[in-house]
Amino acid sequence: MNVGSNSVGNHLVDIHEVLHEEEEDKEENSNNTTNMADKADTRFNRPTRNREIKRPPRKFSRQVSLETGFSVLNGETSKDKNDRKVLGRSGKSFGGFSVNGTTGLEAKNKGDFNMFRTKSTLARQSSKLPLRKESGIDIQNSNAKGELDDHVKKSVPAGRYFDALRGPELDQVKDSEDILLPKDEKWPFLLRFPIGCFGICLGLSSQAILWRSLALSPVTKFLHVPLFVNFAIWLLAVGVLVAVFITYMFKCALYFEAIKREYFHPVRVNFFCAPWIVCMFLAIGAPPKTAPGMLHPSIWCIFMAPIFFLNLKIYGQWLSGGKRRLCKVANPSSHLSVIGNFVGAILAAKVGWKEPGKFLWSIGFAHYLVVFVTLYQRLPTSEALPKELHPVYSMFIATPAAASLAWGAIYDDFDGLARTCYFISLFLYLSLVVRPNFFTGFRFSVAWWSYTFPMTTVSIATIKYAEEVPSFITKALALALSFMSTTMVCILFVSTLLHAFVWKTLFPNDLAIAITKKRYSKDKKPLMKRWTKHSPLSFVTSMGKHNSGDKDGGSDEEK
């Protein structure tokens, strides 16, 4: 708006349309030449431009801080800046964004579990389509959701699990860590169903083999153990295996992203061998009336093929020396991937294939030595094993016991090498029995089942040794170890039923699958960048300080 006056004294007012910043700049550039030409004539009668007219606010198009974004989304104005809501870092949906576009304030009330759902082909194709966004906040939300998807889809480094988790099975999140899902909300059942549930099947199926040996062995013939006990336990183990396997298949179909998290977990990756080990246990411990004297070799091929391919994957990572090398991911549950070779060797001898059994035995024994030395030899710079991890020591006794049984099954003789492996397992067993404090003060969980089959394996090996060296001591030792393993299985079975159907605490939230790929400090917001407005003077001042610092640094370097 220009204001001028004429000779008569009347004031003339020119009203112009208020232009946006870009249009106004163009107009000024176009009128530059005209103003320069008329500069001399208008020097004494210059129209004054009214600078008090306020320009319309710019569109919200740059990235905003986490607080500001929530304030705009909630429709807050500048008057209630003091009432802004800040997202707390208390284990809620990480970063305040979910895949559905909900804000962190809404995610506090309801967790979004779709981030771990199996992505369909249609959803993947639709996600690649260009999105039309009308505001900068929508673009920011999409960027945040994209980064959140990266946290879920990309593999988590092995060392990250050890840094963020604790507990006997690395299943408890440290207090200083943040997770992708809410801690104070009950998750869907399939997300709370871990692969460690196959440990229940390991304990029951190995008990079927034990009671078959007690019923058929000449050493324990005086006990008159009926084969019906073996048949009942075998049926129970088959029923539990079918239930657990079907449930986990549903989890694979609906929450495949969670399955990937478990596969990259340094402890749980070994439990992917457990279903097939259980199947081989059931084939070995099948009642005589239901199983023929010689099993068909196809049974061995079906059950051993998944374990063999997992061995290629796991042992290849140990050998390649990458981020998942053995010295970095070694833990007592690593014995589980080795035990599969010895159990496969026993089943190979049972189907009449002795040479494949020898091949598997040699692979298992070579990697057992490597794992045993890696876990047994702890450098002074290594951290001491925390108390929560003491129960996993029972895994040490299962591998040599299974190796002795496999050698005796392949060569039909419990000779010197088989006895050597058995003595190793017996010594490790006794070294744990004399330390009862190692197994006290821990909460019950499904993972405890995986510690029962090592006791059962040593009991079966003791029965075989007593058959070769019959005496009162060997018979008493076989009965004592068998009684201890059976008692432990009964206690865990009753506890499992109570926690599942009475207290309903058997499957808590599986926090191990919800950790982030990287660790962020509490004062750092990972998914949003904070932008602050600086005046031109402060910007120039900061640049001057920066340049002066560079000059000083350069002078110091030259000196």
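The values are calculated or read from the model by the stated rules, or taken from the named source; none is laboratory data. Just so it is clear, the model here is predicted, and its values are computed rather than measured. We place every Cβ from the backbone using ideal geometry, glycine too, and count neighbours over all the protein chains shown. Accessible surface areas use protein heavy atoms only, side chains included; no ligands, DNA or RNA. Shrake-Rupley method; radii C 1.70, N 1.55, O 1.52, S 1.80 Å.
Overview of values
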| read-out | value |
| --- | --- |
| Environment charge of PRO226, counting only residues whose C-beta is closer than 15 Å and scoring Lys/Arg +1, Asp/Glu -1 | +3 |
| Label-to-label distance, nm, for residues given as PHE250 and ARG519 (7 Å Cα→Cβ offset) | 3.7 nm |
| Out-of-range pairs (alpha-carbon distance over 27 Å; input LYS289/LYS354; LYS186/LYS517; LYS323/LYS354) | LYS323/LYS354 |
| Added length on full extension, which subtracts the Cα-Cα distance from 0.36 nm per residue, ASP413 to THR440 | 5.8 nm |
| Net charge contributed by nearby residues that have their C-beta within less than 15 Å of LYS358 (K/R +1, D/E -1) | -2 |
| Separation in nanometres of the label points that stand 7 Å from Cα toward Cβ, at TYR263 and VAL433 | 4.2 nm |
| Cβ-based net charge around SER217, under 11 Å, with every Lys or Arg adding one and every Asp or Glu removing one | +3 |
| By accessible area with a 1.4 Å probe, ligands and nucleic acids excluded, highest first: order of TYR465, TYR255 | TYR465, TYR255 |
| Trypsin sites (Lys or Arg not before Pro) lying in DSSP loop within segment 269-372, provided at most 15 other Cβ fall within 10 Å | LYS289, LYS323, ARG325 |
